[in-house]
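Inspection log for the structure reproduced underneath, given as structure tokens.
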Amino acid sequence: MKSIYRKFLECKIDLTSLGIERREEDVTYFCTPKGASIIGWAGVDGTHYCFIRGFGEMVFAISPMNAAPDYVRPLAKNFTDFLRLLLAVGDAGALEQAWQWDAAAWERFCEENPPTVEQKKIMDMIAAQMHIRAMTDPWTYIHELQANFDYNQIPYTEDFYDTDLNPEARPQMPEWKVYFDGNFWSHHGRDHAGKEIRIEKEFQWAGRQWWIPAAYSCGKGLVVDFCMRVEAQAIRDFIERWNLSVGRDSYEKFTKDQQMEIEREHPMLLDFRPQLMLNGQSIALSHGCSVSYNPCLPKGIVDEWEAQWAVNHYGLDTSQGWVIYRYAFPWYGKRRVEIKSLSLTMEPELVSIPGPHFMVKGPGEQIRFTHPGNGQEYTLTVEEIEKQTLSRNAFGSDAWEFPTQYYQMCYRIHPDLEDSALSVVDNVDSDPPKQRPMEEAQPEMTPGIAAVGIIGGADGPTSILLDTKNQGELRIACSALHFTQVDSVEWRIIFHEKQFEEKSVKLI
């Protein structure tokens, strides 16, 4: 018990009218710090005031109804200052909320909510019996205290990290272990954690700085962590160029073509496929995952805790952005292999580039366009376009009804291009499926026909109906699916190409 606080209790002054009531039994919340000694309660929203073991006489406000991470904030360096703050305002609730007000808002509140007669009576008793005066500038005092406080030092109970009690919980960092059948979040199976092999290889590729700190030798294969550094200024420039803000709505305000350009220009988005040569023999990639650390997010918006965990573990510069990729490669034999040499090839994946939009009325129409990569002119010739209808059960679900009306367009490209270099898709989304009664008919299968439905894909929704016989140079594009047939389709061309050359790096 703090000596000044004990002296105050001996005065038997009731602070209820000032917003602090004592209770026979204190019930703590998920965000009540470990080692808290509760002073009193606000009476609403679970707000309470306390000392915390290890912080001396400092007084804290705990506000369970606040948004993360603003559950706990210091109010006073000691209990004497806390009483002086009460003498200045007459309301503990105003002290608890001061962090979210500027000086002008604070002044307005104080002018509009002067102490009542009852509150003044209690304030006079505190001043006389504790021999103290009111704080002269309470708003500045509180803001300076909170601005210089290290919130990472607050100890919490296990309840704070329980996502059932605290949906915003960020789990305590576990011991760093890497498994073959796992990721940054968890692992499955009964395999043991891999043995770390320090690599610490640094290199430049795709306009970014890379660092491979370590690989992990596991029972089933080798796991390698790739750390891609992204300059914070590049992230800020990208956000400013596209006028981005946090939230899904910010992204959806852009057209599909703009979204494609955003994804291609995003400094923290880079798809690649690593290839390893172990002791002179290639080992195939099995699976992978990644986490991102973005230092440019607004205050109060946090990255995944796993990203912070990885950044801290590898001692990465937190003033810059990082994407940490984790890839797993099975051993080429049934047993763990002794590593004598290890080399890496970074192979970029294809990126999508928006092309021209067009509409067609019938066969024979031609659309001329220029490839943005090689500058060559091409001609798309429509061979056939017609309305089509899928079987109502083509998706193999008796619980949902899917749209079935679409257009199928057959076309040729001259000069010819590889299939992976270009695609033609509808510019609108498919209609969303509808739930239907379970008693309706079971799925029907059409021999010789393969039906694939893609609703809400990255390059726009499409449905592909392919005859499994040879098509030669003939290509097929299918529009979005609708419950009612539309009159026309706005098609768009999407180019696919690699932005960077491959790069080989010797690791061991």
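Points to keep in mind about this one:
- Integer Hz, Karplus 6.51/-1.76/1.60 couplings in order for segment 213-224, x for Gly and Pro: x, 7, 10, 10, 8, 10, x, 9, x, 10, 10, 10
- Within straight-line reach of Lys195, meaning a Cα separation under 19 Å, sit the following lysines at least 8 residues removed in sequence or on another chain: Lys177, Lys220, Lys334, Lys340.
- The Rg/Rh ratio for segment 232-368, using Cα coordinates for both the radius of gyration and the Kirkwood hydrodynamic radius, is 1.10.
- Per residue accessible area in Å² of segment 1-71, where ligands, DNA and RNA are left out and the probe is 1.4 Å: 51 Å²
- Lysines with Cα under 30 Å of Lys77, excluding same-chain neighbours fewer than 8 positions away: Lys2, Lys7, Lys12, Lys34, Lys120, Lys121, Lys299
- Using the alpha carbons alone, the radius of gyration of segment 9-156 stands to its Kirkwood radius in an Rg to Rh ratio of 0.93.
- Helix 79-89 and the long axis of the chain differ in direction by around 90°, with both axes built from C-alpha atoms.
- Rounded to whole numbers, the Karplus 3J(HN,Hα) couplings from phi for segment 51-58 are 8, 10, 4, x, 10, x, 8, 4 Hz, using 6.51 cos²θ - 1.76 cosθ + 1.60 with θ = phi - 60°, and x at Gly and Pro.
- Whole-Hz ³J(HN,Hα) from phi, Karplus 6.51 cos²θ - 1.76 cosθ + 1.60, for segment 342-359, glycine and proline x: 8, 10, 10, 10, 8, 10, x, 7, 5, 10, 9, 10, x, x, x, 9, 7, 10
- Over all other residues within a Cβ to Cβ distance under 12 Å of Ser343, the charged ones net out to +4, with Lys and Arg as +1 and Asp and Glu as -1.
- Heavy-atom surface analysis with a 1.4 Å probe gives the chain a carbon and sulfur content of 47 percent of its accessible area.
- If you wrap the Cα atoms of segment 313-365 in a convex hull and average its projected area over all directions, you get 10.5 nm².
- Distant-in-sequence amide H partners of Ala214 (H built 1.01 Å from N, under 5 Å): Ile199, Glu200, Asp225
- Shape summary of the chain, radius of gyration then Dmax from alpha carbon positions: 31.9, 98 Å.
- Counting charges near Thr379 (Lys, Arg +1; Asp, Glu -1) among other residues having Cβ under 14 Å from its Cβ returns a value of -2.
- Using the Cβ-Cβ distance between Lys177 and Ser343 with R0 = 35 Å, the FRET efficiency computed as 1/(1 + (r/R0)^6) comes to roughly 0.85.
- Rg and Dmax over the alpha-carbon atoms of segment 224-299 stand at 16.4, 50 Å.
- If you look at the Cα atoms of segment 332-397, you get an Rg and a Dmax of 23.5, 64 Å.
- Relative contact order computed over the chain (Cα-Cα under 8 Å; 6+ residues apart), in percent: 10 percent
- Sequence-distant residues sharing a close amide H with Tyr314 (under 5 Å, placed H): none
- Within the chain, helix-based [θ] at 222 nm, where runs of 4 or more DSSP H residues each add -39,500 (n - 2.57), nearest 500: -5500 deg cm²/dmol
- Three-way shape label, segment 123-162, alpha-carbon gyration tensor, a/c 1.5: oblate
- Residue-level accessible surface for Phe254, protein heavy atoms, 1.4 Å, Å²: 30 Å²
- Residues His313, His188, His266, His371, ordered by accessible area of protein heavy atoms at a 1.4 angstrom probe radius and largest first, appear as His188, His313, His266, His371.
- Percent of alpha-carbon pairs separated by more than 18 Å within segment 172-221: 43 percent
- Relative packing of peptides 147-156, 492-501, 19-28 - highest average C-beta neighbours within 10 Å first: 492-501, 19-28, 147-156
- Taking Cβ atoms as reference points and 13 Å as the exclusive limit, the residues near Pro114 contribute a net charge of -3, counting Lys and Arg as +1 and Asp and Glu as -1.
The values are calculated or read from the model by the stated rules, or taken from the named source; none is laboratory data. Treat the numbers as computed from the prediction; the structure is a model and nothing was measured. Methodologically, a virtual Cβ is constructed for each residue, glycine included, from the backbone with ideal geometry; neighbour enumeration extends over all protein chains shown. These area figures cover heavy atoms from the full protein model, side chains too; ligands, DNA and RNA do not enter into them. Shrake-Rupley method; radii C 1.70, N 1.55, O 1.52, S 1.80 Å.
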